[in-house]
Amino acid sequence: MNITYDELGPSYILNVYNPKNNLRAFVVVDNIARGVAIGGTRMASDVTVEEVFGLARAMTLKNAMADLKHGGAKSGIVADPRIGNKEELIRTFARAIKCINDHYLPGPDMGTDETCMAWIKSEGTESVGLPKEIGGLPLDEMGSTAYGLICAYMIMSEYRSYIDHDTVVIQGYGNVGRKTAEMLSEQGLKIIAVADSTGGIYKKDGLDLDELNEVKDKHGTVTKYPYSVPIKHDKLLTIECDVLVLAARPNAITMHNVADVKAKMILQGANLPIAPEVEAVLEEKGLLNMPDFVANAGGVITAAVEYAGGSEDDAYRKIRKTIKNNVIEVMNRSTSENITTRKAAMKIAKEKVISAMKYV
Ligand code: NAD
């Protein structure tokens with residue numbers, strides 16, 4: 001196992017195995033100084049404990065940065081989420097982790113959803129990201145992550161002198177990308193290109209989102225939108241635009257394509273869409289950037305509000321206040337210490353965790 005232990009954690013790793021149904025799973029509890037940890041349960045046949053540790057640490061920093069009274073953890077179930085006995089595996093997992101429920105609250109992640117969280121809760125293990133009918137806040141329907149990105153965009157825009165006629169390119173037209181497109185469009189911005197896993201489309205004068213959404217819902221792809229030109233995945237990232245939204249996968253921008261990126265601002269909806277050393281190159285070019293764990297925290301903020309018994313309005317209010325304050329703090333720290341926004345954000349988040357660790 002290739003895990004580096006440092007001043008934050010991980011606290012412990014719970015391995016779960018049940019020979020009856022071949023459940024193999026693990027929970028990495030990274031740091032709980034700020035309170036019971038929130039972090040998703042990833043179900044994938046190739047999920048590894050190292051990957052889950054990386055995600056658990058990201059949750060420690062994201063939750064602290066967002067000032068949530070929660071630590072960071074994550075779990076992995078080693079199975080294909082399309083298999084027939086998914087419910088049985090999830091329920092077995094729920095019973096197995098009940099003993100650490102004071103330390104860990106599972107939530108949805110790749111391969112799991114709100115129904116899985118309801119199964120976990122019905123086994124007597126608390127979880128977040130529940131269906132509306134049993135007290136959950138529907139974060140995808142609410143567009144929580146997209147809303148947080150818009151809040152980040154508003155503040156970041158104040159650090160440069162454009163507002164009118166902004167053009168937007170979106171990589172990833174799923175839950176996060178689509179809602180972000182809609183919300184930016186409501187702010188008067190023009191969405192000129194989008195891509196999903198099947199390919200991309202470009203239209204200089206702007207895409208009509210109502211028509212695009214109809215096409216996407218009907219055909220399951222954006223590429224069938226008729227009034228546009230096709231664009232390859234790699235070319236989409238190099239279109240000249242004001243705002244580039246990354247809402248698909250890790251490592252979208254790398255050392256290979258960083259020189260060709262012509263956007264003026266990047267909104268990181270995805271987790272780790274740009275490695276830190278590549279972000280440094282972009283910021284050196286003068287591009288405005290905000291690390292993923294600062295800008296895309298809207299989802300986990302909503303989960304924390306749900307756990308505390310709050311409403312949708314409470315969640316929006318908290319997202320707005322938290323992300324606006326954090327973007328300002330990160331921009332100021334980055335400028336005053338002449339470091340990248342990621343280094344600034346890491347310092348701020350780590351300080352919050354370490355100061356909480358004095359009391360436990
Ligand atoms: P999703 O599966 O709904 O959407 C992902 C989209 O990316 C899909 O449209 C898919 O077709 C597209 N895609 C895949 N590969 C692509 C490629 N090479 N080029 C262009 N598009 C591609 O997922 P989501 O919930 O929207 O999450 C997107 C990212 O944001 C993930 O990395 C996720 O971890 C992260 N994230 C999501 C949330 C949330 O609230 N859902 C919160 C924080 C972070």
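Miscellaneous remarks
- Residue-level check: of (1) within 11 Å of the ligand (Cβ to nearest atom); (2) surrounded by fewer than 17 Cβ atoms within 10 Å (Cβ to Cβ); (3) of a type outside the set (S, T, N, Q), residue 218 misses just (1).
- Qualifying residue in segment 93-102 (condition: within 16 Å of the ligand (Cβ to nearest atom) and free of Cβ contacts under 8 Å to residues at least 40 places away in the same chain): no
- Hey, residue 191 in a strand (DSSP E or B) and under 20 Å from residue 157 (Cα atoms) or not: yes
- Filter result for the condition that a residue is free of Cβ contacts under 8 Å to residues at least 12 places away in the same chain and surrounded by 15 or more Cβ atoms within 10 Å (Cβ to Cβ), over 339, 348, 323: 339
- Exactly one residue out of 263, 280, 297, 308 is small (Gly, Ala, Ser), over 18 Å from residue 179 (Cα atoms) and touching a Ser or Thr at 6+ places or on another chain (Cβ under 8 Å), and it is 280.
- Considering 216, 190, the condition of being charged (D, E, K, R) and in contact with a Gly (Cβ under 7 Å, 6 or more places away or on another chain) is satisfied by 190 alone.
- Among strands (runs of 3 or more DSSP E) entirely within segment 212-293, having at least 2 residues that are within 19 Å of residue 346 (Cβ to Cβ) singles out 265-268, 288-290.
- Odd one out for residue 172 among (1) on the phi > 0 side of the Ramachandran plot; (2) surrounded by fewer than 20 Cβ atoms within 10 Å (Cβ to Cβ): (2)
- Residues located in segment 173-191, provided they are closer than 13 Å to residue 144 by Cβ and either away from the ligand (no atom under 13 Å from the Cβ) or small (Gly, Ala, Ser) (or both): 183
- Condition met for residue 195 (within 15 Å of the ligand (Cβ to nearest atom), under 24 Å from residue 235 (Cβ atoms) and in contact with a His (Cβ under 7 Å, 6 or more places away or on another chain)): yes
- In a residue-by-residue description of segment 300-321, the property of being part of a loop (DSSP other than H, G, I, E, B) and either of a type in the set (Val, Ile, Thr) or within 16 Å of the ligand (Cβ to nearest atom) (or both) applies to no position.
- Selected residue [under 20 Å from residue 292 (Cα atoms), within 14 Å of the ligand (Cβ to nearest atom), modelled with pLDDT of 95 or more and out of contact with any Lys or Arg (no Cβ under 7 Å at 6 or more places or on another chain)] from 201, 253, 231: 253
- The single condition from (1) away from the ligand (no atom under 16 Å from the Cβ); (2) assigned to a helix (DSSP H, G or I); (3) touching a helix residue (DSSP H, G or I) at 6+ places or on another chain (Cβ under 8 Å) that residue 159 fails is (2).
The values are calculated or read from the model by the stated rules, or taken from the named source; none is laboratory data. As the structure is a computational prediction, the values presented were derived from the model and not from experiment. When we count neighbours, we look across all protein chains shown, and the Cβ atoms used for this are built from the backbone with ideal geometry, even at glycine.
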